[in-house]
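Have a look at the structure below, then the notes.
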Amino acid sequence: MEQQSASTEVVLATAGYDHTIRFWEALSGICLRTVQHPDSQVNRLAISPDKRYLAAAGNPHVRLYEVQTNNPNPVASFDGHTGNVTAIAYQSAGRWIVTGSEDGTIKIWDVRAPGVQRDYELKVPVNDVIIHPNQGELVSCDQSGSIKVWDLSENLCTHELLPEEDVPARSVSMAADGSMLICSNNKGNFYVWKMKEKGDLTELEAVQKVNAHSKYITKCVLSPDTKSLATCSADNTVKIWENLNNDGQFSLTKKLIGHQRWVWDCSFSADSAYLITGSSDHTARLWDLNTSETIRTYNGHQKAVVCVALHDVSL
């Protein structure tokens, strides 16, 4: 019975600068559990595909916590970075995680035997790294403004894009079917590329540049149905852009207004109808994207909420 509830349960977690991780009941807004994270602030959160673990990226460690128990202590620690861990993602089967750090490296870790399996040296601070839906490539973006595609079987960087030199690239996101790549930067611009498989090679075709915000874009995330793009910004707003004709051309359809300070992170619900956001105003919010209204505010953090994680897929 318990396993069944875990498989259908919605897991929502937030964290940030107050050294705590909070788990929430998404619809009621009730805080179910608070985990202390005394080492450092928490920069990023990732929930394992089976909803059993939450990985918290701090400075310089990554800690793994149990989701379905009340154990306050981490059950594993991934040690090897020497700076802030700025990005974290789970492989789709939950066997490994990838992390990126201000120390200029991307590392791959086996979840069952914490130790570095792969180590890529970029020599500039890494701001984001994601796993290609094919599970065989990574995409990173960094402080120099460069976006790199890494082939895990060849163990090398196969593509490098530099949309704006010396403008830090802050966030990358990819369509669930691998057809599109989006990157956002510190000038408030986002860029769209179409990705085409030609035999064993991936071709990237630039299709759009949008000046989306007048300040930093802190995070860009494509919705699971690939129709919407959310951009979080230092201008206190989140904008929703629609890929209406499925051609990689996004147009602004909604502006989510309510946060009082920078918005740092967001996550779509599995059906692409809702968005969770985290902000420097110490709150997270749940938005109905149909109405652009906040339907729940998560109050309790004492400092900035810089990362959110949502897993509401029934297993």
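The residues on offer are A284, A270, and the sole one that is touching a residue at least 24 places away in the same chain (Cβ under 8 Å) and open to solvent by 40 Å² or more (accessible area, probe 1.4 Å) is A270. The strands (runs of 3 or more DSSP E) found entirely in region 72-138 that carry 1 or more residues being within 28 Å of F23 (Cα to Cα) and among the aromatic types (F, W, Y) are 76-78, 85-90, 96-101, 105-110. Against the test of being modelled with pLDDT under 95 and closer than 27 Å to K254 by Cα, the options D177, D200 yield a single qualifying residue, D177. The residues listed here are L32, L27; of these, the one that is under 15 Å from A284 (Cβ atoms), at pLDDT below 95 and over 21 Å from the mean Cα position of the chain (by Cα) is L27. If the Cβ limit is 7 Å and pairs must be 6+ apart or interchain, which residue in region 70-81 that is in contact (Cβ under 8 Å) with a residue 12 or more places away in the chain and at negative phi pairs with which residue that is surrounded by 11 or more Cβ atoms within 10 Å (Cβ to Cβ) and in a loop (DSSP other than H, G, I, E, B)? Short answer, once both residue conditions are applied: A76/P114; S77/H61; S77/P114; F78/H61; F78/P114; D79/H61; H81/P60; H81/D103. Among residues of region 170-191 that are within 19 Å of N43 (Cβ to Cβ) and without any contact (Cβ under 8 Å) to a residue 40 or more places away in the chain, those with a beta-carbon under 7 Å from a residue that is in a loop (DSSP other than H, G, I, E, B) and among the aromatic types (F, W, Y) at least six positions away or on a different chain give the pairs N186/Y216. Taken over region 287-303, the residue count meeting the criterion of being surrounded by fewer than 17 Cβ atoms within 10 Å (Cβ to Cβ) and small (G, A, S) is 1.
Residues are listed down the side, and each one gets a yes or a no for (1) open to solvent by 10 Å² or more (accessible area, probe 1.4 Å); (2) over 30 Å from A206 (Cβ atoms); (3) modelled with pLDDT under 95:
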site: Q249; (1), (2), (3): yes, no, no
site: G258; (1), (2), (3): yes, yes, no
site: R261; (1), (2), (3): yes, yes, no
site: W264; (1), (2), (3): yes, no, no
site: V305; (1), (2), (3): no, yes, no
site: V313; (1), (2), (3): yes, yes, yes
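The condition (being more than 23 Å from H61 (Cβ to Cβ) and free of Cβ contacts under 8 Å to residues at least 24 places away in the same chain) is satisfied by just one residue among E121, E137, E154: E154. Of the residues E203, E197, E242, the single one that is surrounded by 15 or more Cβ atoms within 10 Å (Cβ to Cβ) and of a type in the set (D, E) is E242. Residues in region 121-140 that are touching a Ser or Thr at 6+ places or on another chain (Cβ under 7 Å) and within 9 Å of G100 (Cβ to Cβ): L122, V126, N127, D128, V129. Across region 139-166, the number of residues qualifying as assigned to a strand (DSSP E or B), open to solvent by less than 20 Å² (accessible area, probe 1.4 Å) and not hydrophobic (A, V, I, L, M, F, W, C) comes to 2. For the criterion of being of a type in the set (S, T, N, Q) and more than 27 Å from V42 (Cβ to Cβ), Q260 fails.
Looking only at region 208-234, residues that are surrounded by fewer than 17 Cβ atoms within 10 Å (Cβ to Cβ) and either free of Cβ contacts under 8 Å to residues at least 40 places away in the same chain or among the aromatic types (F, W, Y) (or both) come to 3 in all.
The values are calculated or read from the model by the stated rules, or taken from the named source; none is laboratory data. Here the structure is a predicted model, which means the values were calculated and not measured. Counting neighbours? That spans all protein chains shown, and the Cβs are built from the backbone with ideal geometry, glycine included. Just so you know, the surface numbers come from the protein's heavy atoms only, side chains and all, with ligands and any DNA or RNA stripped out. Shrake-Rupley method; radii C 1.70, N 1.55, O 1.52, S 1.80 Å.
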